[in-house]
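Participant: First the structure, which I've put down as structure tokens, then a few questions once you've had a look.
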Amino acid sequence: MSAIHLLLILITVALLFDFLNGFHDSANVVATIIASRAMSARGALTLAALANLAGPFLLGVAVAETVGAEVVQARAVSITVVLAALLAASLWDVATWYLGIPVSSSHALVGGIVGAAATGSGFAAIQADGLWKIAIALLVSPLAGFVMALAIMQATLWLLRDATPRANVALSRAQILTSTALALSHGANDAQKTMGVIAMGLLTLGFTPVFHVPWWVIVISASAIALGTAVGGWRIIRTLGTRFYRIQPIHGFTSQLASAAVILGASLAGGPVSTTQVVSMTILGAGAAERKSKVRWSVLNDILVAWALTLPATALLAVPIYFVIDLILRSGGW
């Protein structure tokens, strides 16, 4: 099998993961705006898809460089590692979508990379500094989202303390802006993980002399996640939009604003965060700021279990996938 054939296989699998990422994570961007009836479902998904497409072009590719160059040592990166990581993450995304559980595609991909690289080259191939950078971003961002949503919600409630119900109209219109900002930040963060993986493959297969994200990789990755977003993962949209509590325009506005701020900041700093975790926690923060008893905290328990399982599960899932791919490539003379 030639290098160009392997590259085509890699791109196909990477774009499949990217599509599933958008399909799985579309709920992050549109759940609250749909639940609060600020926009129709189709209008919200279309807006989110277009903003996802524009995100990487407007906000850069710092996250792609973190995922592609700072998680494992260059010597440990092989086409087998990259394919195993993508397939493990894709399978986990499909399984959790089917169950309606909003989990982190970022965790899934990082877990797949770590598991596959450790299988091929041992744990010494893992770059501790890069892994810590990702771990900190993934752990701190949901807490930051919760606190920020709590603060924004309390400030908004105070500002609207004498407002009439007509304020809901303004808040619904404001959600169009906050939803666009959230989708832009989502495209600038999540689509870049696929860009980083494709760039890893280009380097490994000898198509580029150093780690670099070409413009065409940005285009196809952003397009795949936008298409996935446009299709929409309705099971998870229902989880985020209805199961925590009854979302009103004020909750949608504050949670989207807080999410966009956290994810945008992380994207510019090169920190790959979980959009799912950030949005879930900002929804909780907005509800808790109004009344703690308003939130169905039991739903969070199920999500936390899935979050905790994602990284180790995909790391373990990548191990047998690695061996299968390695066997296929060796039998094909690669």
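The values are calculated or read from the model by the stated rules, or taken from the named source; none is laboratory data. In this text the structure is predicted, and so the values were computed from the model without any measurement. Glycine gets a Cβ as well: all are built from the backbone with ideal geometry, and neighbour counts include every protein chain shown.
Participant: Hey, could you check the range 92-132 for residues that are in contact with a strand residue (DSSP E or B) (Cβ under 7 Å, 6 or more places away or on another chain) and among the hydrophobic types (A, V, I, L, M, F, W, C) and say which is farthest from residue 21 (Cα to Cα)?
Facilitator: 125
Participant: Here's another thing I want to ask about it. When the range 123-146 is examined, which residues are found to be over 20 Å from the mean Cα position of the chain (by Cα) and modelled with pLDDT of 85 or more? So that I can check it myself, show each step before the final result.
Facilitator: Step one: filter the range 123-146 for residues over 20 Å from the mean Cα position of the chain (by Cα), giving 123-129.
Of everything in the range 123-146, those that are over 20 Å from the mean Cα position of the chain (by Cα) and modelled with pLDDT of 85 or more turn out to be 123, 124, 125, 126, 127.
Participant: While we're on this one: From the list 136, 113, pick out the single residue that is surrounded by 14 or more Cβ atoms within 10 Å (Cβ to Cβ), β-branched (Val, Ile, Thr) and part of a helix (DSSP H, G or I).
Facilitator: Of 136, 113, the one residue that is surrounded by 14 or more Cβ atoms within 10 Å (Cβ to Cβ), β-branched (Val, Ile, Thr) and part of a helix (DSSP H, G or I) is 113.
Participant: Of the residues 261, 266, 318, which is farther than 25 Å from residue 33 by Cβ, modelled with pLDDT of 80 or more and among the aliphatic types (A, V, I, L, M)?
Facilitator: Details: 261 fails: farther than 25 Å from residue 33 by Cβ; 266 fails: farther than 25 Å from residue 33 by Cβ.
Only one candidate passes the filter, namely 318.
Participant: Restricting to the range 194-214, give me the number of residues that are in contact with an Asp or Glu (Cβ under 8 Å, 6 or more places away or on another chain) and closer than 13 Å to residue 224 by Cα.
Facilitator: 1
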